[in-house]
Amino acid sequence: MRTPIRAGIVCLTLMLSLSVFLCADVFANETIKVGIVLPLTGAQAKFGEIEKRSFEMAAEEINEKGGVNGKKLELLFEDDTGKPDVGRAAIEKLISRDKVPVLTGGYASAVTQAATAVAQQFKVPFLVTTGSSDEITEKGYDYIFRINPTSSEYFDPFESLLEKVGGIKTMALLYENTQFGQSSAKDVDAAAKKMGIDVVVKEGYQAGAIDFKPLLAKVKAKNPDIIYMVSYVMDASLLMVQSKELDINPKMFAGGGAGFTLPEFQQRAGAAAEYVYSATLWTEDVSYPGAREYYDKYVKRFKSETEYHGAEAYASLYVVADALKRAKSITSKDIRDALAATDMVTAFGPVKFVSYGKKTQQNKLPTTFVVQWQKGKMETVWPANAAKKAFIFPTPAWNSRK
């Protein structure tokens with residue numbers, strides 16, 4: 001028989017245990033988890049770093065202003081290391097173990113495609129931040145959204161620029177053999193031919209190569225008017241350094257975004273980065289509300305510059321927060337429905353998910369840009385109504401530069 005004292009102790013213990021459990025449950029419900037997958041280590045880590053910092057900046061701002069209907073956002077980051085199988089496992093963990101009701105992030109196209117397939121299978125909404133391969137939003141997935149334009153749209157601003165400068169009749173097209181590189185090269189090749197430009201060299205290469213000179217020797221032999229490259233930052237900088245060493249002198253060196261817009265490109269390529277053009281989806285000079293504030297705040301805080309990848313991440317979290325505020329409940333189905341109804345303007349630009357061609361739930365920016373490295377700084381040079389500096393064309397020969 002239990003004594004009254006023992007019974008009281010047991011009762012008190014149960015009450016305390018229940019109290020701890022209930023408090024823990026209440027605390028857990030004070031935040032809304034957002035799962036984010038990015039390359040935080042590996043060859044693409046620089047991009048992951050910019051995006052992670054930008055996600056965190058956005059979360060701090062949102063939480064300081066009351067969060068989402070009184071609940072703070074809790075960011076759960078997973079490192080995909082730039083590998084599809086790791087990205088797939090990361091999404092499974094975020095969904096099955098961490099129970100996140102919504103996902104964002106996604107950098108490399110191959111990783112993003114693998115990750116979105118898992119999110120669709122589990123019916124958890126995923127707002128893709130950067131992965132640009134056209135196929136990602138061409139599968140008819142109803143839980144997948146994308147904020148950035150597709151790779152087929154990266155070359156768009158170059159079309160009007162090349163028409164403006166004139167005299168571009170031949171092109172060398174170099175691209176890394178990844179889903180992003182192959183998808184971009186296919187689109188650029190088609191666009192060039194439509195413009196009457198003869199693609200005299202079209203070759204893929206293994207990402208992370210240490211010697212591009214055999215490939216560049218083929219390019220030099222064809223003497224193209226423009227060399228267009230789809231590369232991440234290490235390859236982008238090495239391609240330019242070795243082009244200088246081989247004294248290759250086209251009228252224009254151009255990059256398809258990715259590595260050519262990172263500050264690290266200029267740091268690694270040095271003088272070889274000068275006059276190089278690149279497509280970009282955003283600059284700090286755009287008129288979108290909060291764009292300049294985001295850029296200045298990032299530079300002040302991290303003592304380094306940011307660019308369109310960071311702006312995409314920063315805006316992505318604001319889009320997620322907006323959907324969470326409008327959702328009928330914090331369930332994946334209701335968040336998905338709220339995302340589908342998104343119509344807002346962010347620091348990255350307007351966001352509204354539409355369907356066109358084979359694409360579904362794809363954001364489409366009204367304007368993309370061309371930048372050029374001038375005197376060690378990336379300047380917006382096209383389109384004319386957005387240009388901050390005049391473009392320099394043709395590219396000065398290496399032996400004529402000071």
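The values are calculated or read from the model by the stated rules, or taken from the named source; none is laboratory data. What you see is a predicted model; the values in this text were computed from it and never measured. When we count neighbours, we look across all protein chains shown, and the Cβ atoms used for this are built from the backbone with ideal geometry, even at glycine. Surface areas here come from the heavy atoms of the whole protein model, side chains and all, with no ligands, DNA or RNA. Shrake-Rupley method; radii C 1.70, N 1.55, O 1.52, S 1.80 Å.
Scanning region 44-67 for residues that are under 23 Å from Ile32 (Cβ atoms) and among the basic types (Lys, Arg), we see that the one that is surrounded by the most Cβ atoms within 10 Å (Cβ to Cβ) is Lys52. Residues in region 344-379 that are β-branched (Val, Ile, Thr), at pLDDT below 95 and out of contact with any Leu (no Cβ under 7 Å at 6 or more places or on another chain): Thr367 only. Being β-branched (Val, Ile, Thr) and either part of a strand (DSSP E or B) or at pLDDT below 95 (or both) is the filter; apply it to region 191-206 and report the residue that is farthest from Ala217 (Cα to Cα). Of everything passing the filter in region 191-206, Val199 is farthest from Ala217 (Cα to Cα). Residues in region 46-65 that are at pLDDT 95 or above and among the hydrophobic types (A, V, I, L, M, F, W, C): Ile50, Phe55, Met57, Ala58, Ala59, Ile62.
The requirement of being at positive phi, out of contact with any Ser or Thr (no Cβ under 6 Å at 6 or more places or on another chain) and among the charged types (D, E, K, R) is satisfied by Asp247.
Among residues of region 304-318 being among the polar types (S, T, N, Q) and either surrounded by fewer than 24 Cβ atoms within 10 Å (Cβ to Cβ) or within 11 Å of Leu127 (Cα to Cα) (or both), the one that is nearest to the chain's Cα centre (by Cα) is Ser316. When Glu274, Glu264 are screened for being at pLDDT 95 or above and of a type in the set (D, E, K, R), only Glu274 passes. Scan region 176-185 for residues that are open to solvent by 30 Å² or more (accessible area, probe 1.4 Å) and in contact with an Asp or Glu (Cβ under 9 Å, 6 or more places away or on another chain) and the total you get is 2.
Conditions (1) of a type outside the set (D, E, K, R); (2) more than 21 Å from Ser133 (Cα to Cα); (3) under 18 Å from the mean Cα position of the chain (by Cα), marked per residue:
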site: Arg301; (1), (2), (3): no, yes, no
site: Ala323; (1), (2), (3): yes, yes, no
site: Val354; (1), (2), (3): yes, no, no
site: Lys364; (1), (2), (3): no, no, yes
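One residue alone among Ser287, Ser332 is surrounded by fewer than 18 Cβ atoms within 10 Å (Cβ to Cβ) and hydroxyl-bearing (Ser, Thr, Tyr), and that residue is Ser287.
From the residues in region 188-203 that are open to solvent by 40 Å² or more (accessible area, probe 1.4 Å) and in contact (Cβ under 8 Å) with a residue 12 or more places away in the chain, which one is nearest to Ser231 (Cα to Cα)? Here the residue is Glu203.
For region 68-81, a residue qualifies if it is open to solvent by less than 40 Å² (accessible area, probe 1.4 Å) and touching a Ser or Thr at 6+ places or on another chain (Cβ under 8 Å), and exactly one does: Leu73. Of the residues screened, Leu161 is one that is open to solvent by less than 10 Å² (accessible area, probe 1.4 Å), hydrophobic (A, V, I, L, M, F, W, C) and more than 20 Å from the chain's Cα centre (by Cα). All conditions but one from (1) open to solvent by 60 Å² or more (accessible area, probe 1.4 Å); (2) touching a strand residue (DSSP E or B) at 6+ places or on another chain (Cβ under 7 Å) apply to Ala321; the one that does not is (1).
Scanning region 243-269 for residues that are open to solvent by 10 Å² or more (accessible area, probe 1.4 Å), farther than 26 Å from Gly82 by Cα and not in a loop (DSSP other than H, G, I, E, B) yields Lys244, Glu245.
Answer with yes or no whether Gly105 is in contact with a Leu (Cβ under 6 Å, 6 or more places away or on another chain), crowded, with 17+ Cβ neighbours inside 10 Å and of a type outside the set (Asp, Glu). Yes. When each of Val351, Val345, Val371 is tested for being in contact with a Phe, Trp or Tyr (Cβ under 8 Å, 6 or more places away or on another chain) and open to solvent by less than 40 Å² (accessible area, probe 1.4 Å), the lone residue that passes is Val371. Filtered by the rule that a residue be in contact (Cβ under 8 Å) with a residue 40 or more places away in the chain and either open to solvent by 10 Å² or more (accessible area, probe 1.4 Å) or part of a helix (DSSP H, G or I) (or both), region 224-242 gives Asp225, Tyr232, Val233, Met234, Asp235, Leu239.
Residues that are surrounded by fewer than 24 Cβ atoms within 10 Å (Cβ to Cβ) and either assigned to a helix (DSSP H, G or I) or not basic (Lys, Arg) (or both) within region 32-43 comprise Ile32, Leu40, Thr41, Gly42, Ala43, listed in sequence order. Screening Lys218 against (1) open to solvent by 20 Å² or more (accessible area, probe 1.4 Å); (2) within 25 Å of Gly87 (Cα to Cα); (3) touching a residue at least 12 places away in the same chain (Cβ under 8 Å); (4) over 20 Å from the mean Cα position of the chain (by Cα) leaves a single unmet condition, (2).
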